[in-house]
Amino acid sequence: MPHSCAALDCTKRCTVQTRTSGVTFHFPKETNLRKRWVKAIRRKGFSPNTSTRLCSEHFKQEDFDRTGQTVRLREGVVPSIFSFSTPPKKRRAAKTTKALPKKAESQEVDHSYALPPSLGDLKVKLCEALERVESLEREMRNAKDRERRAKNALHVLVEDLKGKNLINEELK
């Protein structure tokens with residue numbers, strides 16, 4: 001049975017399509033960390049069980065350790081990306097034909113191309129970006145090492161088959 005994300009309003013399921021698109025599913029076994037995750041999820045009456053999972057969409061990119069073959073969460077990480085939608089408000093029937101004035105929404109949107117307001121925030125953002133670059137460089141080195149090991153193993157296998165006369169030059 002495929003796992004579904006336990007976050008409110010998240011419809012991600014652990015299927016072949018989601019795995020190939022890079023979505024992973026996680027939930028800690030350690031009790032204190034589980035409690036912190038449940039608190040972060042903010043679902044009334046929610047009690048996780050052994051098959052409870054959260055998808056990788058609820059974590060920041062820097063929360064992951066992608067240096068090995070398996071994608072893992074860094075130690076002590078708590079999910080932080082949720083869209084807590086509130087139920088729509090019931091509309092009242094208008095008594096007059098006048099339209100109700102709209103409330104001005106002043107939501108601050110953080111765009112990836114916008115500079116932080118202070119130099120300290122800018123420095124933090126730069127450090128995060130440099131850490132991400134280092135992480136990606138480690139990932140690339142590890143991928144090249146895995147490729148090199150696979151090529152060596154294949155070469156040894158072909159030589160072994162040739163030595164046992166199970167393969168000839170034409171098949172090679």
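The values are calculated or read from the model by the stated rules, or taken from the named source; none is laboratory data. Here the structure is a predicted model, which is why all the values come from computation and not from measurement. Counting neighbours? That spans all protein chains shown, and the Cβs are built from the backbone with ideal geometry, glycine included.
Points to keep in mind about this one:
- Considering 128, 134, the condition of being of a type in the set (Asp, Glu), touching a residue at least 24 places away in the same chain (Cβ under 8 Å) and in a helix (DSSP H, G or I) is satisfied by 128 alone.
- Among residues of region 39-62, those that are in contact (Cβ under 8 Å) with a residue 60 or more places away in the chain and charged (D, E, K, R), counted: 1
- Selection within region 116-125 - surrounded by 11 or more Cβ atoms within 10 Å (Cβ to Cβ) and either outside any helix (DSSP H, G or I) or assigned by TED's automatic domain parsing to the domain that holds residue 69 (or both): 116
- In region 1-31, of all residues being more than 14 Å from residue 59 (Cα to Cα) and hydrophobic (A, V, I, L, M, F, W, C), the one that is surrounded by the most Cβ atoms within 10 Å (Cβ to Cβ) corresponds to 14.
- Condition check for residue 7: modelled with pLDDT under 85 and either farther than 25 Å from residue 137 by Cα or among the hydroxyl-bearing types (Ser, Thr, Tyr) (or both): no
- Taking the criterion of being touching a Cys at 6+ places or on another chain (Cβ under 8 Å) and either in the same structural domain as residue 145 (by TED's automatic domain parsing) or basic (Lys, Arg) (or both), no residue of region 55-75 qualifies.
- For region 30-87, filtered to residues that are out of contact with any Phe, Trp or Tyr (no Cβ under 8 Å at 6 or more places or on another chain), among the hydroxyl-bearing types (Ser, Thr, Tyr) and assigned to a loop (DSSP other than H, G, I, E, B), the residue that is nearest to residue 141 (Cα to Cα) is 67.
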